[in-house]
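Values quoted throughout were computed directly from the atomic coordinates according to the rules given, and no laboratory measurement underlies them. From a predicted model like this one, the values you see are computed outputs, not experimental measurements. Note: ideal-geometry Cβ built from the backbone for every residue, glycine included; neighbour counts use all protein chains shown.
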Amino acid sequence: MAKPGLLFVFGEAGPKLSDAEFNDWYDDEHVPLRMAIPAFRTTARWEAIDGKRPRYLATYDLESCAVLDEAPYATLAETRSEREKDVLRRIQLLDRRTYDVLGPEFPPAPGYDEREPGPYLVTMQIEIKPELEEELNRWYAEEHIALLAKVPGWRRSRRFVLREAGPAKGTDAGMVVARPPKYLAVHEWDSPASFETAEFKHATSTPWRMKMFESAETWHGRGFKLMRAWVQDQE
């Protein structure tokens, strides 16, 4: 059975395209075309709160990444509207990655509803030496997520492993040359206030966590707030 997948796309409108044009196209054309495909389970759009670029992120939960190689998704480029062609000519960056879900899957907070994802998202991209990958995965499974789940305001944590990166699109697409880190974790929260709690500080400072952090080749976090979410109509 194919594993569930994640389509993960950073975006930057840039100087040739206004944020208003970018967001109108994304919300009213780009996402609806994808959510019309049953294998696209949910979509969420996020805006950075950390002052870093790219400013925007879109996450698409997929039945599996195989859907991206099949019609109708694989033929969307052949039927682009004039507006979409114009946006893609002017947009600064769409940096696309695909991931497979990495087990074990962790239960979300009681009462969690995927139709209402946590309003804040932290993404953590990690690259670690191959000989430490098994330990990194054990740390997440045996310690880290369990500790995060005790933090007030935690909603859900998921992990993914990189499947494919690119190709990037946009006027600055040529700047995306490095392959993203192999591992991705996404954590949903009620509020950034959670990061000031004693529980969060403990979860991110244990000896095991510090060993993994100090051993990693890349340990890159980003923070976002939810802009809008879509859920596949199952009826």
Inset, instruction - Take the alpha carbon atoms of region 123-222, find their radius of gyration, then divide it by 2.2 N^0.38 Å using N residues; give the quotient. - result: 1.19
Inset, instruction - Using Cα positions and a limit of under 22 Å, work out the lysines in reach of residue 16, with same-chain residues fewer than 8 apart set aside. - result: 52, 85, 169
Legend entry - Potential lengthening between residue 208 and residue 53 on full extension [0.36 nm per residue; Cα-Cα distance subtracted]: 52.8 nm
Inset, instruction - Once you have the Cα-Cα distance between residue 77 and residue 112, take 0.36 nm times their residue separation minus that, and quote the gain in nm to one decimal. - result: 9.1 nm
Inset, instruction - Take the Cα atoms of region 5-231, find their three principal axes, and give me the spread along each one in whole Å, biggest first. - result: 54, 37, 34
Inset, instruction - With r as the distance between the Cβ atoms of residue 124 and residue 27 and R0 = 22 Å, compute the FRET efficiency 1/(1 + (r/R0)^6) and round to 0.05. - result: 0.25
Legend entry - Order of 210, 35 - criterion: other Cβ atoms within 10 Å of each residue's Cβ, fewest first: 210, 35
Legend entry - Within the chain, helix-based [θ] at 222 nm, where runs of 4 or more DSSP H residues each add -39,500 (n - 2.57), nearest 500: -5000 deg cm²/dmol
Legend entry - Sorted by Cβ density within 10 Å, fewest first, the residues 43, 197: 197, 43
Legend entry - Inter-label distance for residue 132 and residue 64, nm, one decimal - labels placed 7 Å from Cα along Cα-to-Cβ: 3.4
Inset, instruction - Could you calculate the contour length gain from residue 233 to residue 86, that is, 0.36 nm times the residue separation minus the distance between their Cα atoms, to one decimal place in nm? - result: 49.9 nm
